[in-house]
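Some notes on the structure that comes next.
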Amino acid sequence: MTTVALTDARKVDASIGYLLASSKINRRFCAPHEDVNTSQYVEYPVSMQDGSGLEQAFQADVHGFELMRNPTGFRAWNDVAAIARDYEPAQLEIVRQFLGADRMVNLGHALRTSGNTVERDMKPAASEAHVDFETVAARAYADQLYREHHPDAPPYSRFVAFSFWRPLTAPPHDWPLAVCDFRSVDPAEGERNVLVWCDEIPPKEQWFDPIDGEETFPAAFIFHHNPAHRWWYFTKMTPDDTLF
């Protein structure tokens, strides 16, 4: 596949949530069945490109994502123990071989739905432009995980944090995963969005109160609108496909 083929990809009108300039204290409170952002977003129209039929043109180290044919016979998605025991180790090995990594650490899984999160015991879908790990938080987390899981190993020279996404139903999907070609993102972009784990979402009047140790919390990057961002999704992605 060539760059010319990608420029000819089918385009659809979509919308992505981007951070407003007025949003200054950015936190994401995460409870078992509910996420709440203190950040203020607005939906911006974007031209989304369909990568189906062009899958072989995408490379993780070029675009930031890559689609793999990866069939699985696992079906017990409502069994957390079975996922950890039977599904995750096999997927971790697939990615280890793909990356050529010496050591891996599994950060667990999240099941997401655009439907009833409580009824399905899943997390909600995400609608805002984000990167899961902010740079400083990612480096601190990598150090922590390496000390915890590989205490006797020599120091590492590099690491990668990644998501490995699989749809659980056949297409079409009402909320497909959208990914952004990282070459279209300026390295200076991104605002820190702190992750606050909690048993239940605090009252709204407490959302902006000081939190002890917040500077050490996990954090993501969220983004102001940039029309240069190039968004992709895959209309024909099946449960036998995974997106790295």
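The values are calculated or read from the model by the stated rules, or taken from the named source; none is laboratory data. Only a predicted model underlies this, so the values are computations on that prediction, with no experimental measurement involved. FYI the Cβ positions are ideal-geometry reconstructions off the backbone, even for glycines, and counts take in every protein chain you see. SASA here: full protein model, heavy atoms, side chains in, ligands and nucleic acids out. Shrake-Rupley method; radii C 1.70, N 1.55, O 1.52, S 1.80 Å.
Taking interchain pairs and intrachain pairs at least six residues apart, which have beta carbon atoms under 6 angstrom, with the first residue in the stretch 36-50 and within 16 Å of Ile222 (Cβ to Cβ) and the second of a type in the set (Lys, Arg) and assigned to a strand (DSSP E or B)?
Asn37/Arg28; Thr38/Arg27
Filter the stretch 126-171 down to the residues that are open to solvent by less than 50 Å² (accessible area, probe 1.4 Å) and assigned to a helix (DSSP H, G or I), then identify the one that is farthest from Gln40 (Cα to Cα).
Tyr146
Give, as residue ranges, the strands (runs of 3 or more DSSP E) completely inside the stretch 1-48 that count at least 1 residues that are modelled with pLDDT of 95 or more. Let's see the steps before the verdict.
Numbers: elements: 11-19, 27-31, 34-37.
Output list reads 11-19, 27-31.
Identify all residues within the stretch 28-54 that are farther than 27 Å from Phe65 by Cβ and either small (Gly, Ala, Ser) or open to solvent by less than 60 Å² (accessible area, probe 1.4 Å) (or both); write none if there are none. So that I can check it myself, show each step before the final result.
Narrowing the stretch 28-54 to residues farther than 27 Å from Phe65 by Cβ: 29, 31-34, 36, 38, 40.
Hits for the stretch 28-54 are Phe29, Ala31, Val36, Thr38.
Looking for something charged (D, E, K, R), within 23 Å of Arg230 (Cβ to Cβ) and open to solvent by less than 90 Å² (accessible area, probe 1.4 Å) - is there at least one such residue anywhere in the stretch 173-185?
yes
Check the stretch 115-125 and report whether any residue there is farther than 30 Å from Arg10 by Cβ, in a loop (DSSP other than H, G, I, E, B), open to solvent by 60 Å² or more (accessible area, probe 1.4 Å) and not charged (D, E, K, R). Working first, answer last.
Taking the stretch 115-125 first, the residues farther than 30 Å from Arg10 by Cβ are 116-121.
Keeping just the survivors that are in a loop (DSSP other than H, G, I, E, B) gives 116, 121.
Pick out the ones that are also open to solvent by 60 Å² or more (accessible area, probe 1.4 Å) and you get 116, 121.
Subset that is not charged (D, E, K, R): 116.
The answer is yes; a qualifying residue exists.
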